[in-house]
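What follows is calculated from the coordinates using simple rules that are stated; it is not laboratory data. It should be emphasised that the depicted structure is a prediction, and the values quoted were computed from it without experimental measurement. Counting neighbours? That spans all protein chains shown, and the Cβs are built from the backbone with ideal geometry, glycine included.
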Amino acid sequence: MTPCSNYNVNFFKRFSLVMNALDNKAARNHVNRLCLAAGVTLIESGSAGYLGQVSVIRKVSQRAFTYLPSTSV
C-alpha cells in the first residue's frame with residue numbers, strides 16, 4: 001500500500017469539512033474529487049501573486065474547483 005492510497009474516499013468521509021491551501025492544480029483537483037465523492041464540504045483557497053480567493057465547494061451546489069473561473073491575469 002502506497003502512502004497516497006491511505007487518503008481515499010473513506011479517509012475523507014471521516015471529516016465534516018476539509019480546508020486546503022495547495023500549491024498546484026493537480027493536487028487541488030484531486031482533493032476536490034475526493035471531497036465530492038465523500039460528500040464533504042471543501043473550503044478551497046489559493047493565490048496568484050498578491051491575489052487570493054476562497055471558495056466553498058459542496059456536492060449539493062454542484063460547484064467544483066475544476067469549474068471555478070480563473071483569477072489569473
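Remarks
- Multiplying the residue separation of Leu51 and Val9 by 0.36 nm and subtracting their alpha-carbon distance yields 12.0 nm.
- Between the beta carbons of Asp23 and Arg58, assuming R0 = 35 Å, the FRET efficiency works out to 0.90 to the nearest 0.05.
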